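Q: Please read through the structure below; I'll follow up with questions.
The values are calculated or read from the model by the stated rules, or taken from the named source; none is laboratory data. In this text the structure is predicted, and so the values were computed from the model without any measurement. Cβ sites come from the backbone with ideal geometry, for glycine too, and all protein chains shown count toward neighbours. For accessibility, only protein heavy atoms count, side chains too; no ligands or nucleic acids. Shrake-Rupley method; radii C 1.70, N 1.55, O 1.52, S 1.80 Å.
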Amino acid sequence: MREVMPVLSSSAASAPAASQIASSSSTPRQFPIRATGGYALIDSLKRHGVTHIFGYPGGAILPIYDELYLAEAAGGIQHILVRHEQGAAHAADGYARATGKVGVCFGTSGPGATNLVTGIATAQMDSIPMVIVTGQVARPAIGSDAFQETDIYGITLPIVKHSYVVRDVRDIPRIVAEAFYIASSGRPGPVLIDVPKDVGLEQFDYEPVAPGSVNLPGYRPTVKGNPRQLFQALKLIRQAKQPLLYVGGGAIAASAHAEIHALAERYQIPVTTTLMGKGAFDERHPLALGMLGMHGTAYANFAVTECDLLIAVGARFDDRVTGKLDEFASRAKVIHIDIDPAEVGKNRTPEVPIVGDVRRVLTDLLKRDREDNFAPAPAQTRDWLARIDRWKHDYPMVAPSYPGMIAPQEVIVELSNQAPNAYYTTDVGQHQMWSAQFLKNGPRQWISSAGLGTMGFGMPAAMGVQVALPDAQVICVSGDASFQMNLQELGTLAQYGINVKTVILNNGWQGMVRQWQQAFYNERYSSSNMEPSMPDFVLLAQAYGIKGMIVTERDQLEDAIAEMLAHEGPVLMDVHVKRDENCYPMVAPGKSNAQMIGLPDRPKLEQAIELIHCTNCGAKNASTNNFCPECGTKI
């Protein structure tokens, strides 16, 4: 019988009192005390509320792991042994996304540290707060090409928010406090702490530094929006007839969903979100348009093309959102709210730039609005919303059905029906886009690699979510190609009994690669077919002592998902779906958002509306259209 190591409950693993120290003894101690660098690091982490660390040991980091061993024995902190350091980084990332807390991972020097790089870059691109601790060769050996020596500080400079090499053991308490503050404040991001082996072993007089007790004169994030800019923003909002809220990941990081909801309802403004912004606004709300961009809903893309005011909230005008940039919301004035001044005006110059914490800015905006005693006109956006409702009617998101085959979208819809409140992680590719299109998520319940697009992210990220929230339902939606990037983490799920359900949409391809090869490379399918040597995923799961399931027929799907969700413990489900299904709508590279591929045939327009012909493709258009929805040409 395989022994399952239980995961420490986050609720039970509370941070120690300030007068206590992380050691095998719970006796309160007076500071300073004589301690090693490794001891100071672990105790400092505990004082910053860390209850779980994801990592993999090795020679240079063993002094830290030795102190971690004693701390685990004393209780209040737990190390989760992953099977690859990339899995540790993604697990810490998932932990942070689901909770808003700082995720922590460990790796040793050399290959251990470089194996963390993809996970660090993933966190940096999506602004996720993490602290990464790496071992390093002893200080005298640095620069000598010693065994397992790599300049991880230099390697990661472009992909971290900040980084440290600990040269003096006395700096450890200060560095940890600074790292947590930097990682979690302003625009969040990963911070690296590289600890030479002899620093971990060295003894010194240890004096803890309390969380937040930092002095960083050069780092003062702006959190409060400029009052004059707030006035200008309100003026534009009150004048707009076709406004649109464009909400990104910054709204999730700031926990601004209540304020976005209040603004949207007060002025009856429709809301579209980015891939990172999913969950910031209730997608079942009548004002919700779902995701915009390359694989966004048709009505979201039409709305952003036609709006007269675009309110960007914690979004960065990414190329997968904007399509052809000079035609993105080309008729609209722009209000851009973001914590990072570098993002404001980077890709689109706004009429009203507001730098500050998204939640704080919106709170102040709504407060000022109430103080003005202004009453929005009930009919201000009525025609605009009616037009959007017509687009929703004409171009709905509907899961297709095929005789004798399971459509991948059907799987997502069934998961959503049976587990509507689950935390969902995804890998990257077609399954990610279908999940974004058909799942309706709450805040922090959508966890996906958006900026870097990291295959292999989904299962280890789900692992981190489940460790952070042991009572939550956590589902990873993956593809047969993505899953094989980090399948070794099945061992971690098995060892700790982490209750993650993983669903593979198995089409035997690198699905999105195949779709692009079909659409843009004359069907030259170079190295994208994964069917040869495809493993038996059920046997693979069973080899790790995990329940494996396979679904090949539509009539099996509902019961199989119910069985999977009811099972206590991790499950791997292999669902064989239609091999050549494409993900639509799709905005081709270099095209405007109005020029979508794969839209259904448009129903006949009502005869009461004056019709005009597009000069490019000849399609009939309502006279109210500014762009032809068939080809995107300006009318």
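Q: What number of residues in the range 35-92 are farther than 17 Å from Leu192 by Cα and β-branched (Val, Ile, Thr)?
A: 5
Q: With the requirement that a residue be more than 28 Å from Ile447 (Cα to Cα) and of a type in the set (A, V, I, L, M, F, W, C), what does the range 150-170 give you?
A: Once the filter is applied, which keeps residues that are more than 28 Å from Ile447 (Cα to Cα) and of a type in the set (A, V, I, L, M, F, W, C), the range 150-170 yields Val165, Val166, Val169.
Q: Determine which member of the set Pro341, Pro350 is in contact with a strand residue (DSSP E or B) (Cβ under 7 Å, 6 or more places away or on another chain), surrounded by fewer than 24 Cβ atoms within 10 Å (Cβ to Cβ), within 28 Å of Ala96 (Cβ to Cβ) and touching a residue at least 24 places away in the same chain (Cβ under 8 Å). Give the steps one after another, and end with the answer.
A: Values: Pro350 fails: within 28 Å of Ala96 (Cβ to Cβ).
Of Pro341, Pro350, the one residue that is in contact with a strand residue (DSSP E or B) (Cβ under 7 Å, 6 or more places away or on another chain), surrounded by fewer than 24 Cβ atoms within 10 Å (Cβ to Cβ), within 28 Å of Ala96 (Cβ to Cβ) and touching a residue at least 24 places away in the same chain (Cβ under 8 Å) is Pro341.
Q: On to the next question. Which residue, of Phe147, Phe204, is in a strand (DSSP E or B) and more than 30 Å from Gln445 (Cβ to Cβ)? Steps first, answer last, please.
A: Details: Phe147 fails: in a strand (DSSP E or B).
Result: Phe204 is the single residue among Phe147, Phe204 that is in a strand (DSSP E or B) and more than 30 Å from Gln445 (Cβ to Cβ).
Q: Exactly one condition in (1) within 21 Å of Asp308 (Cα to Cα); (2) of a type in the set (A, V, I, L, M); (3) open to solvent by less than 50 Å² (accessible area, probe 1.4 Å) is not met by Ala377; state its number.
A: Tallying (1) within 21 Å of Asp308 (Cα to Cα); (2) of a type in the set (A, V, I, L, M); (3) open to solvent by less than 50 Å² (accessible area, probe 1.4 Å), Ala377 fails exactly one: (3).
Q: Which condition number in (1) farther than 27 Å from Pro470 by Cα; (2) assigned to a loop (DSSP other than H, G, I, E, B); (3) of a type outside the set (A, V, I, L, M); (4) open to solvent by 50 Å² or more (accessible area, probe 1.4 Å) is the one that Pro535 fails?
A: Result: Pro535 passes all but (4).
Q: As an exercise: evaluate Ile550 against (1) within 20 Å of Met405 (Cα to Cα); (2) in contact with a strand residue (DSSP E or B) (Cβ under 9 Å, 6 or more places away or on another chain); (3) of a type outside the set (D, E, K, R); (4) open to solvent by less than 20 Å² (accessible area, probe 1.4 Å) and give the number of the one condition it does not meet.
A: (4)
Q: Filtering the range 307-329 down to residues that are of a type in the set (Asp, Glu) and either open to solvent by less than 10 Å² (accessible area, probe 1.4 Å) or within 23 Å of the chain's Cα centre (by Cα) (or both), which residue is nearest to Val352 (Cα to Cα)?
A: Taking the range 307-329 first, the residues of a type in the set (Asp, Glu) are 308, 318-319, 326-327.
So of that shortlist, the ones also either open to solvent by less than 10 Å² (accessible area, probe 1.4 Å) or within 23 Å of the chain's Cα centre (by Cα) (or both) come out as 318-319.
Numbers: Asp318: 19, Asp319: 21 Å.
Filtering first and then ranking leaves Asp318.
Q: Here is a further query. Would you call Ala560 surrounded by 15 or more Cβ atoms within 10 Å (Cβ to Cβ), among the small types (Gly, Ala, Ser) and under 27 Å from Val82 (Cβ atoms)?
A: Spelling it out, it is not the case that Ala560 is surrounded by 15 or more Cβ atoms within 10 Å (Cβ to Cβ), among the small types (Gly, Ala, Ser) and under 27 Å from Val82 (Cβ atoms).
Q: So, in the range 103-132, exactly how many residues are outside any loop (DSSP other than H, G, I, E, B) and buried (at least 24 other Cβ atoms within 10 Å of the Cβ)? It would help to see each step written out before you state the result.
A: Going residue by residue through the range 103-132, those that are outside any loop (DSSP other than H, G, I, E, B) are 103-107, 111-114, 117-125, 130-132.
Now drop any that are not buried (at least 24 other Cβ atoms within 10 Å of the Cβ), which leaves 103-107, 112-113, 119-120, 122-123, 130-132.
The qualifying residues number 14.
Q: Got a sec? Which of Leu289, Leu236, Leu244 is farther than 14 Å from Arg359 by Cβ, open to solvent by 10 Å² or more (accessible area, probe 1.4 Å) and in contact with a strand residue (DSSP E or B) (Cβ under 6 Å, 6 or more places away or on another chain)? Write out each step before concluding.
A: On the way: Leu289 fails: open to solvent by 10 Å² or more (accessible area, probe 1.4 Å); Leu244 fails: open to solvent by 10 Å² or more (accessible area, probe 1.4 Å).
Just a single option satisfies the conditions, and that option is Leu236.
Q: Quick check, is Ala98 within 18 Å of Val176 (Cα to Cα) and small (Gly, Ala, Ser)?
A: On the way: within 18 Å of Val176 (Cα to Cα): no; small (Gly, Ala, Ser): yes.
Against the criterion (within 18 Å of Val176 (Cα to Cα) and small (Gly, Ala, Ser)), Ala98 does not qualify.
Q: Might you let me know whether the range 31-39 holds any residue that is of a type outside the set (Ser, Thr, Tyr), under 28 Å from Thr99 (Cα atoms) and modelled with pLDDT of 95 or more? Outline the logic, then answer.
A: Step one: list which residues in the range 31-39 are of a type outside the set (Ser, Thr, Tyr), which gives 31-35, 37-38.
Pick out the ones that are also under 28 Å from Thr99 (Cα atoms) and you get 38.
Next, from what is left, pick out any that are modelled with pLDDT of 95 or more: 38.
Scanning the range 31-39 turns up at least one residue that is of a type outside the set (Ser, Thr, Tyr), under 28 Å from Thr99 (Cα atoms) and modelled with pLDDT of 95 or more.
Q: Return the pairs, sorted by first residue and then second, in which the second residue is part of a strand (DSSP E or B) and modelled with pLDDT of 95 or more, the first residue lies in the range 24-48 and is basic (Lys, Arg) and surrounded by fewer than 21 Cβ atoms within 10 Å (Cβ to Cβ), the beta carbons are less than 6 Å apart, and the residues are 6+ apart or on different chains.
A: Arg34/Gln203
Q: Further question: Would you be able to say whether some residue in the range 136-146 is in contact with an Asp or Glu (Cβ under 6 Å, 6 or more places away or on another chain) and buried (at least 24 other Cβ atoms within 10 Å of the Cβ)? Spell out the reasoning first.
A: Kept after step one, since they are in contact with an Asp or Glu (Cβ under 6 Å, 6 or more places away or on another chain), are these residues of the range 136-146: 136-139.
Filter once more, so that each one left must be buried (at least 24 other Cβ atoms within 10 Å of the Cβ): 136.
Scanning the range 136-146 turns up at least one residue that is in contact with an Asp or Glu (Cβ under 6 Å, 6 or more places away or on another chain) and buried (at least 24 other Cβ atoms within 10 Å of the Cβ).
Q: For the range 475-489, indicate whether the set of residues that are open to solvent by 10 Å² or more (accessible area, probe 1.4 Å), in contact with a Ser or Thr (Cβ under 8 Å, 6 or more places away or on another chain) and in a loop (DSSP other than H, G, I, E, B) is non-empty.
A: no
Q: Here is a follow-up. If the requirement is being aromatic (Phe, Trp, Tyr), without any contact (Cβ under 8 Å) to a residue 40 or more places away in the chain and open to solvent by 60 Å² or more (accessible area, probe 1.4 Å), which of these qualifies: Tyr164, Tyr181? Break it down stepwise before answering.
A: Numbers: Tyr164 fails: open to solvent by 60 Å² or more (accessible area, probe 1.4 Å).
Sole residue among the options that is aromatic (Phe, Trp, Tyr), without any contact (Cβ under 8 Å) to a residue 40 or more places away in the chain and open to solvent by 60 Å² or more (accessible area, probe 1.4 Å): Tyr181.
This table checks each residue for (1) among the polar types (S, T, N, Q); (2) free of Cβ contacts under 8 Å to residues at least 12 places away in the same chain.
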residue: Asn417; (1), (2): yes, yes
residue: Ala436; (1), (2): no, no
residue: Asn441; (1), (2): yes, no
residue: Gln445; (1), (2): yes, no
residue: Ser448; (1), (2): yes, no
residue: Pro470; (1), (2): no, no
residue: Ser482; (1), (2): yes, no
residue: Gln510; (1), (2): yes, no
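Q: Could you go through the range 512-527 and let me know if any residue there is open to solvent by less than 60 Å² (accessible area, probe 1.4 Å) and either part of a strand (DSSP E or B) or within 24 Å of His90 (Cα to Cα) (or both).
A: yes
Q: Please work out which residue is most open to solvent (accessible area, probe 1.4 Å), limiting yourself to the range 77-102 and to residues that are in a strand (DSSP E or B) and under 25 Å from Glu149 (Cα atoms). Reasoning before the result, please.
A: First, the residues of the range 77-102 that are in a strand (DSSP E or B): 78-81.
From what is left, the residues that are under 25 Å from Glu149 (Cα atoms) are 79-81.
Values: His79: 18, Ile80: 0, Leu81: 54 Å².
Within the range 77-102, the match that is most open to solvent (accessible area, probe 1.4 Å) is Leu81.
The rows are residues; the columns are (1) modelled with pLDDT of 75 or more; (2) more than 23 Å from Gly293 (Cα to Cα).
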residue	(1), (2)
Glu531	yes, yes
Leu540	yes, yes
Met596	yes, no
Ala608	no, yes
Ser623	no, yes
Gly632	no, no
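Q: Which residues, taken from the range 357-387, are assigned to a helix (DSSP H, G or I) and aromatic (Phe, Trp, Tyr)? Can you show your working first?
A: So in the range 357-387, the residues assigned to a helix (DSSP H, G or I) come out as 358-371, 382-387.
Trp384 - this is the single residue of the range 357-387 that is assigned to a helix (DSSP H, G or I) and aromatic (Phe, Trp, Tyr).
Q: Provide a single number: the residues in the range 50-78 that are within 24 Å of Val137 (Cβ to Cβ) and within 23 Å of the chain's Cα centre (by Cα).
A: Residues that pass the stated criteria total 3.
Q: Return a yes/no flag: does the range 424-445 have any residue that is closer than 17 Å to Gly103 by Cβ and assigned to a strand (DSSP E or B).
A: Checking the range 424-445: at least one residue is closer than 17 Å to Gly103 by Cβ and assigned to a strand (DSSP E or B).
Q: Scan the range 65-76 residue by residue and report those that are open to solvent by 40 Å² or more (accessible area, probe 1.4 Å) and touching a residue at least 12 places away in the same chain (Cβ under 8 Å). If you could, list the steps in order and put the result at the bottom.
A: In the first step, residues of the range 65-76 are kept if they are open to solvent by 40 Å² or more (accessible area, probe 1.4 Å); the result is 66, 69-70, 72-74.
Within the range 65-76, Asp66, Leu70, Ala73, Ala74 qualify.
Q: Residues in the range 249-273 that are within 15 Å of the chain's Cα centre (by Cα), on the phi < 0 side of the Ramachandran plot and open to solvent by 10 Å² or more (accessible area, probe 1.4 Å): how many?
A: 5
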